[in-house]
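To start, the structure itself, in structure tokens.
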Amino acid sequence: MSIEYIRSYIARDMEIVDDVIREKLHSHVALIRQVSEYIINSGGKRLRPALVILSAGAFGYSGKFHHNLAAIVEFIHTATLLHDDVVDESELRRNRETANALFGNAASVLVGDFLYSRAFQMMVEVDNMRVMQVLADATNTIAEGEVLQLLNCRDPQVTEENYLQVIRFKTAKLFEAASRLGAILGNASPEEENAMSVYGMHLGTAFQLIDDMLDYTGNNHDIGKNLGDDLAEGKPTLPLIYAMRVGNPDQAGIIRKAIEDGGKDGFQPVLNVIRETSALDYARQCAQAEVATATAAIAALPESKNKECLLQLAHFAVTRNY
């Protein structure tokens, strides 16, 4: 089963999700429509809404609220992208200019706020307090993760534990929420709901670990952003943390200075150290361990095509190059 099969398997559901997104993006303010449509229509894997659809299907849900929740999750994710790109001063995402580069920082921040508030309007329509609790908690945790990441920038003393905490808050939390929401809609048992939560958390962590690897191994077109952006922003990601830990003093010094200074001038020397210390191999092994935990969490779920798709998504997480 390939990622293309998964996309075709849920294609009709995702078309409905896209219809919901287009409907709920409507605003009487033209700039809101323009910026929202630009970022929503600029591509992306749509992994988080796909998780809502697959999780709901794994528990036999046959209503319509999974489409609304999938759209809500995508709105929350998109709002975080708009805000992140302003904070990081990014100029390229998904091989297109970022919204802040095109429309300005103020418009990006305010439209991100619109998407957050529209997401909460849509949560109320679902009329399920448990759903609202999960999404409200997730949104708050994501905000905490964004602030933690900001505090970690330009700090070479960040530990692997600190780094993983940022990932679990900032990125994996929405994966966790998306997986849990489908289980809630499908009236899963508490044990099954928890299993989906664990699956989503570790899947999201694995995705971010591979994203951080690709900043040093991918190419601009495949990953949709400029290679070395993380280093330019002074982000101490796992390849850098590991290379500093196991490298000799000179190697550690190269990376420490690059993190403290930011910019891309030191990219090639840092890349050399990462290769010399096998830091990318270590990061991939960590991602594979996360995926192993994710797949083990849902092993006891009833067999279904949806479960097979969830397992395949985990495999895709650590084998992709974009």
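The values are calculated or read from the model by the stated rules, or taken from the named source; none is laboratory data. From a predicted model like this one, the values you see are computed outputs, not experimental measurements. Here the Cβ is made from the backbone with ideal geometry for all residues, glycine too, and neighbour counts use every protein chain on show.
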Picking from THR237, THR217, the residue that is closer than 30 Å to LEU310 by Cβ, touching a residue at least 60 places away in the same chain (Cβ under 8 Å) and more than 17 Å from the chain's Cα centre (by Cα) would be THR217
Just wondering, is there one or more residues in the stretch 40-47 that are touching a helix residue (DSSP H, G or I) at 6+ places or on another chain (Cβ under 7 Å), polar (S, T, N, Q) and under 21 Å from THR80 (Cα atoms)?
no
Are there any pairs, at least 6 apart or on different chains, whose C-beta atoms fall under 8 Å, with the first in the stretch 108-131 and in contact (Cβ under 8 Å) with a residue 60 or more places away in the chain and the second among the small types (Gly, Ala, Ser), and if so, which?
SER108/ALA99; VAL111/SER36; VAL111/ALA99; PHE114/SER27; PHE114/SER36; LEU115/SER36; LEU115/ALA79; MET122/ALA71
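Return yes or no: is ARG168 farther than 19 Å from LEU311 by Cα, among the charged types (D, E, K, R) and more than 20 Å from the chain's Cα centre (by Cα)?
No: the conditions fail for ARG168.
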Check the stretch 37-58 and report whether any residue there is free of Cβ contacts under 8 Å to residues at least 24 places away in the same chain and more than 26 Å from ARG320 (Cβ to Cβ).
yes
Which of (1) under 20 Å from ASN321 (Cβ atoms); (2) of a type outside the set (Gly, Ala, Ser); (3) touching a Phe, Trp or Tyr at 6+ places or on another chain (Cβ under 8 Å) does MET213 not meet, given it meets every other one?
(3)
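Does the stretch 196-206 include one or more residues that are farther than 13 Å from GLU290 by Cβ, touching a helix residue (DSSP H, G or I) at 6+ places or on another chain (Cβ under 8 Å) and modelled with pLDDT of 95 or more?
Yes, some residue in the stretch 196-206 is farther than 13 Å from GLU290 by Cβ, touching a helix residue (DSSP H, G or I) at 6+ places or on another chain (Cβ under 8 Å) and modelled with pLDDT of 95 or more.
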Quick check on my filter: what residues within the stretch 26-51 are touching a Phe, Trp or Tyr at 6+ places or on another chain (Cβ under 8 Å) and within 17 Å of PHE316 (Cβ to Cβ)?
LEU47, ARG48, LEU51
Subset of the stretch 178-211 (residues that are among the charged types (D, E, K, R) and under 15 Å from the mean Cα position of the chain (by Cα))
ASP211
Options GLN149, GLN157, GLN133, GLN121; residue that is within 30 Å of TYR242 (Cα to Cα) and surrounded by fewer than 17 Cβ atoms within 10 Å (Cβ to Cβ):
GLN157
Please note which helices (runs of 4 or more DSSP H) are completely contained in the stretch 89-199 and include at least 3 residues that are under 28 Å from ALA314 (Cα atoms) and out of contact with any Leu (no Cβ under 9 Å at 6 or more places or on another chain).
129-152, 173-185
Among the residues of the stretch 97-125, which ones are over 16 Å from ASN41 (Cα atoms) and among the aromatic types (Phe, Trp, Tyr)?
PHE114, TYR116, PHE120
Lone qualifier among GLU23, GLU74, GLU37 - being exposed (fewer than 13 other Cβ atoms within 10 Å of the Cβ), part of a helix (DSSP H, G or I) and not aliphatic (A, V, I, L, M)
GLU23
Give all pairs with beta carbons closer than 9 Å in which a residue from the stretch 1-17 that is touching a residue at least 24 places away in the same chain (Cβ under 8 Å) and under 14 Å from LYS305 (Cβ atoms) meets a residue that is among the β-branched types (Val, Ile, Thr) and in a loop (DSSP other than H, G, I, E, B); count only pairs at least 6 apart in sequence or on separate chains.
none
What number of residues in the stretch 248-271 are among the charged types (D, E, K, R), farther than 15 Å from ASP229 by Cα and surrounded by 14 or more Cβ atoms within 10 Å (Cβ to Cβ)?
1
Confirm whether LEU227 is crowded, with 18+ Cβ neighbours inside 10 Å and in a loop (DSSP other than H, G, I, E, B).
yes
Quick test of your reading of the structure: ASP113 fulfils all but one of (1) modelled with pLDDT under 95; (2) of a type in the set (Asp, Glu); (3) surrounded by fewer than 18 Cβ atoms within 10 Å (Cβ to Cβ). Name the failing condition by number.
(1)
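Somewhere in the stretch 279-300, is a residue in contact (Cβ under 8 Å) with a residue 40 or more places away in the chain, within 16 Å of PRO156 (Cβ to Cβ) and crowded, with 19+ Cβ neighbours inside 10 Å?
There is at least one residue in the stretch 279-300 that is in contact (Cβ under 8 Å) with a residue 40 or more places away in the chain, within 16 Å of PRO156 (Cβ to Cβ) and crowded, with 19+ Cβ neighbours inside 10 Å.
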